[in-house]
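The values are calculated or read from the model by the stated rules, or taken from the named source; none is laboratory data. These numbers were taken from a predicted model, which means no experiment stands behind them. Using ideal geometry, Cβ is built from the backbone for each residue, glycine included, and neighbour counts are taken over all protein chains shown.
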Amino acid sequence: MKTVLILTALMVGFLLSACTTSPAVQYYILEPISAPSPAAAENNSRRTIGIGPLTVPTLLESKKIVTRLTDNTVQIAQFHQWASPLQDNLLQTLTRNLSILQPDAVVRAYPWSGYGSVDLQIVIDIVRFDASPGKSVNLEADWTIKNEKTNTVLKTGHSVINQPCTSSSYPDTVHALSLILGKFSEELSVVLDGIGHI
């Protein structure tokens, strides 16, 4: 009788655990812009641009994707996560975007000490990078462009980009976040064009 009770208990436990199995975690990365990059001539006169350091709010240091429900309420997804730390993902995607938008420049991600110094450095502080499900995606950032060799500030700015996003699915949300990061990259590229070669 004891054996039957033990086996029954084990089977019930197995069935309960099977019913409560957690869904698989989905991982996401930001996409760079898809504009083609014309081949730039190999020469020693190409200016070098360094992207970083780049900082994010403590809330965004988690790999779990954060969405904003109200102005002071957020939701942290358990099963939808960034494939790498968001800070690194942002830095690498911005670097790739600016490599495409500035084809005549060499663009490096911070730290670039292994490649030598750069001509221009863009320091970025991400203030906000999130989505309001079914409403919008939002990016806010402070940035400074410096002459790295003289440590002279050439330009500072504050960017705010909001774009409608009617879908509340995570794949669509991440795609929309990639798009506004592309717009931010375009803003920086226009400023770089205005600075010209130094």
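Report those strands (runs of 3 or more DSSP E) wholly inside the range 105-198 carrying at least 1 residues which are under 15 Å from the mean Cα position of the chain (by Cα), crowded, with 17+ Cβ neighbours inside 10 Å and at pLDDT below 95.
Correct list: 120-132.
Restrict the check to the range 66-88 and report whether at least one residue is modelled with pLDDT of 95 or more, part of a loop (DSSP other than H, G, I, E, B), in contact with a helix residue (DSSP H, G or I) (Cβ under 6 Å, 6 or more places away or on another chain) and under 23 Å from Leu188 (Cβ atoms).
No - not one qualifying residue is present in the range 66-88.
Between residues in the range 140-160 that are closer than 14 Å to Ile124 by Cβ and residues that are of a type in the set (Phe, Trp, Tyr) and assigned to a strand (DSSP E or B), which pairs lie under 6 Å by C-beta distance while being six or more apart or on different chains?
Listed by first residue and then by second, the contacts come to Gly157/Trp143.
When both residues are 6+ apart or on different chains and their Cβ atoms are under 6 Å apart, which pairs have a first residue that lies in the range 116-136 and is closer than 13 Å to Leu90 by Cα, and a second that is modelled with pLDDT under 95 and assigned to a strand (DSSP E or B)?
Listed by first residue and then by second, the contacts come to Asp130/Val66; Asp130/Arg68.
For the range 92-103, does any single residue satisfy the condition of being surrounded by 15 or more Cβ atoms within 10 Å (Cβ to Cβ), modelled with pLDDT under 95 and in contact with a Phe, Trp or Tyr (Cβ under 8 Å, 6 or more places away or on another chain)?
No, that holds for no residue.
Just to verify a result, which residue in the range 46-65, among those that are free of Cβ contacts under 8 Å to residues at least 40 places away in the same chain and assigned to a helix (DSSP H, G or I), is surrounded by the fewest Cβ atoms within 10 Å (Cβ to Cβ)? First the steps, then the outcome.
Step one: list which residues in the range 46-65 are free of Cβ contacts under 8 Å to residues at least 40 places away in the same chain, which gives 58-59, 61-64.
Checking which are assigned to a helix (DSSP H, G or I) leaves us with 58-59, 61.
Details: Thr58: 7, Leu59: 12, Glu61: 12.
Top of the filtered list is Thr58.
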